[in-house]
Amino acid sequence: MTQLSLFEAIEFYEFPKDLLEYKENFLSREEADQLKDHLLKTAPWEQRTQKMYDKMVITPRLTAWYGDSKYNESADNNISGTNSWTPELLSLKERIEKKFGYQFNGVLLNLYRDNNDSVAWHRDKESRYGTRPVIASISLGETRNFDFRKKDHHQSKYSLPLPNGSLLIMKGDLQENWEHRIAKSIHPMKPRINLTFRLLKEL
């Protein structure tokens, strides 16, 4: 099946509209560029390991976690310490909360340094996110395709380009029934930072 954009695919499959909210220009280009440059220089980027298919592998991207002091972000029992909110990230969190009515207490930053960096198919199903998590995702820098596929029907696969300054909110049963990824590319790409605001429970 030829991979289609989410919106081109509507006539072939009605993607549930209550699972996503999308604002292409949530941040102006100037705002997005300034925040990207600031985070590239100041975030405590680290390359983590995680368990995949019973093996520990190095993740093909860099990450950093910010949030309320009593919350840590974990992935496959790999705990990352919490960095205190910066004024820029706290302001952005509050802006999203005010606009859409959701609440968040942390943000995971992913740095895709070039076209070789990626994140494999997965669902954000960690118990600390709750049963119907709301995740607000801001994209900065290079446009990358955000791919979806139905958990139990991989032929239902769509791709949504996420340009500089865009906001995608995933909610409802999306994490229960759909997987997502950022794939590697054969084309050279500049850095992209993805900020995913989350609401976590205490460990």
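The values are calculated or read from the model by the stated rules, or taken from the named source; none is laboratory data. All values derive from a computational prediction rather than experimental measurement. Virtual Cβ from ideal backbone geometry, glycine too; neighbours counted across all protein chains shown.
Residues that are at negative phi, modelled with pLDDT of 85 or more and not charged (D, E, K, R) number at least 2 in the following strands (runs of 3 or more DSSP E) confined to the stretch 5-120: 20-23, 62-67, 106-112.
Restricting the stretch 127-168 to residues that are within 13 Å of His180 (Cα to Cα), at pLDDT 90 or above and among the polar types (S, T, N, Q), the residue that is nearest to the chain's Cα centre (by Cα) is Ser137. Within the stretch 18-72, the set of residues being under 28 Å from Lys99 (Cα atoms) and of a type in the set (Val, Ile, Thr) comprises Thr42, Thr63.
Of all residue pairs spaced 6 or more apart or on separate chains, those with beta-carbon atoms under 6 Å, a first member in the stretch 112-133 that is basic (Lys, Arg) and a second member that is at pLDDT below 90 and not in a loop (DSSP other than H, G, I, E, B) are Arg123/Gln175; Lys125/Gln175. When the stretch 180-197 is filtered for residues that are surrounded by fewer than 18 Cβ atoms within 10 Å (Cβ to Cβ) and either within 17 Å of the chain's Cα centre (by Cα) or β-branched (Val, Ile, Thr) (or both), the ones remaining, listed by number, are Arg181, Ala183, Lys184, Ile186, Pro191.
Quick check on Asp114: is it surrounded by fewer than 16 Cβ atoms within 10 Å (Cβ to Cβ) and either more than 20 Å from Lys36 (Cβ to Cβ) or over 13 Å from the mean Cα position of the chain (by Cα) (or both)? Yes; evaluated as a whole, the condition is true for this residue.
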